[in-house]
Amino acid sequence: MKIENANILITGGTLGIGYATAKLLIEHGANVAITGRDEKRTHKAARELGALPITADVANPDDVKRTFKTFLNEYGRLDALINNAGIGVSKKLEDITLEDFQQVYSVNVFGAAMMGKRAAEIFKKQNYGNIINIGSTAATKGYEGGSIYCSSKFALRGMTQCWQAELRRYNVRVVLLNPSEVTTAFGREDREERDSQPNKLRGREIARAIKGVLELDDRGFVPELAVWATNPF
């Protein structure tokens, strides 16, 4: 895929991995729209990036529908969806509630699925497209306190494999990208970015991995890719 002039939709693009990815892709000539739940933050990020802002919550089906309508009205065609929006809750088994699961799954699983569903409809008509689901190394191995978040990313991993099986015949590449810990605002109630640390991953490392996966010639694709910090200890 050629990044230049490609039309790319990134959910959760106001901070962290989403923001860094939008920045890198725009720097290389892509047309990018970012979504975010906070209107003020979304428009501020879009101005900084030169992106199209779409204030939307992936957990809201009406917002999902409006997101694609807004995107296609602006660009006319979708080349890639980056399912980046995600939230996390860390609780031990005896402390978790049904509401905790519902909150996280509404974004990480159901929201990603509804975004993927709409993208698939477009891509099948085009006979071309790319979906990158931002998972986590938590999608491959559980950890203490991870019942909610890990299981949501395990679900995303399973859905990714199903979409690969369904969409390859339509020239649609579906990729799961699993970052390990990245110094972003993820998990913080104030949604403020954490300070970068020399031995930890930044959003830009994940952005470069995403760009590399997209730039692979369309005849091939990477089904799943993990990005680890070399020495975080």
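A few comments on the model shown:
- The C-alpha atoms of the chain define a longest principal axis, and helix 39-49 lies at about 60 degrees to it.
- Across the options 129, 119, 106, the greatest Cα extent toward the positive end of the charge dipole of region 97-182 (unit charges at beta carbon of Lys, Arg, Asp, Glu) belongs to 129.
- Protein heavy-atom surface of region 11-134, 1.4 angstrom probe: 51% of the accessible area is carbon and sulfur, with nucleic acids and ligands not counted.
- Extension gain, residue 137 back to residue 125 (0.36 nm per residue minus Cα-Cα distance, nm): 1.0 nm
- In this entry, region 87-232 is assigned a mean projected area of 9.5 nm², taken as a quarter of its C-alpha convex hull surface.
- Accessible area of residue 90 (1.4 Å probe, protein heavy atoms only, ligands and nucleic acids ignored): about 90 Å².
- The angle separating the long axis of helix 112-126 from the principal Cα axis of greatest extent in the chain is about 20 degrees.
- Segment residue 204-residue 39, extension gain: residue separation times 0.36 nm, minus the distance between their alpha carbons: 57.0 nm
- Using a probe of 1.4 Å, the accessible surface attributed to residue 28 totals some 90 Å² when neighbouring protein chains are kept in position.
- Cross-link pairs 65/141; 2/141; 23/65; 91/141 - those with Cα-Cα distance over 28 Å: 65/141; 2/141
- DSSP beta bridges in region 7-227 [antiparallel fraction, %, rounded to 5]: 0 percent
- Estimated distance in nm for a label pair at residue 197 and residue 92, the labels positioned 7 Å out from Cα along Cα-to-Cβ: 2.3 nm
- Under 18 Å of direct C-alpha separation, and excluding same-chain neighbours fewer than eight residues apart, residue 124 reaches these aspartates and glutamates: 79, 166, 218.
- Each stretch of four or more DSSP H residues adds -39500 (n - 2.57); spread over every residue of the chain, this sum gives -13000 deg cm²/dmol at 222 nm.
- Sparse packing (at most 10 other Cβ atoms within 10 Å of the Cβ) combined with a DSSP loop state is found for the following GluC sites (Glu not before Pro) in region 1-96: 4.
- Accessible heavy-atom area order of 110, 71, 101, highest first, probe of 1.4 Å: 110, 101, 71
- Per residue, the accessible area of the chain comes to 51 Å², computed with a 1.4 Å probe over protein heavy atoms only.
- Inter-site label distance for residue 216 and residue 231 at 7 Å from Cα along Cβ, in nm: 3.0 nm
The values are calculated or read from the model by the stated rules, or taken from the named source; none is laboratory data. Just so we're clear, the structure is a prediction, and the values are computed from it rather than from any experiment. For neighbour counting, all protein chains shown are included, and Cβ atoms are generated from backbone atoms with ideal geometry for every residue, glycine included. We work out accessible area using only protein heavy atoms, side chains counted, and drop any ligands, DNA or RNA first. Shrake-Rupley method; radii C 1.70, N 1.55, O 1.52, S 1.80 Å.
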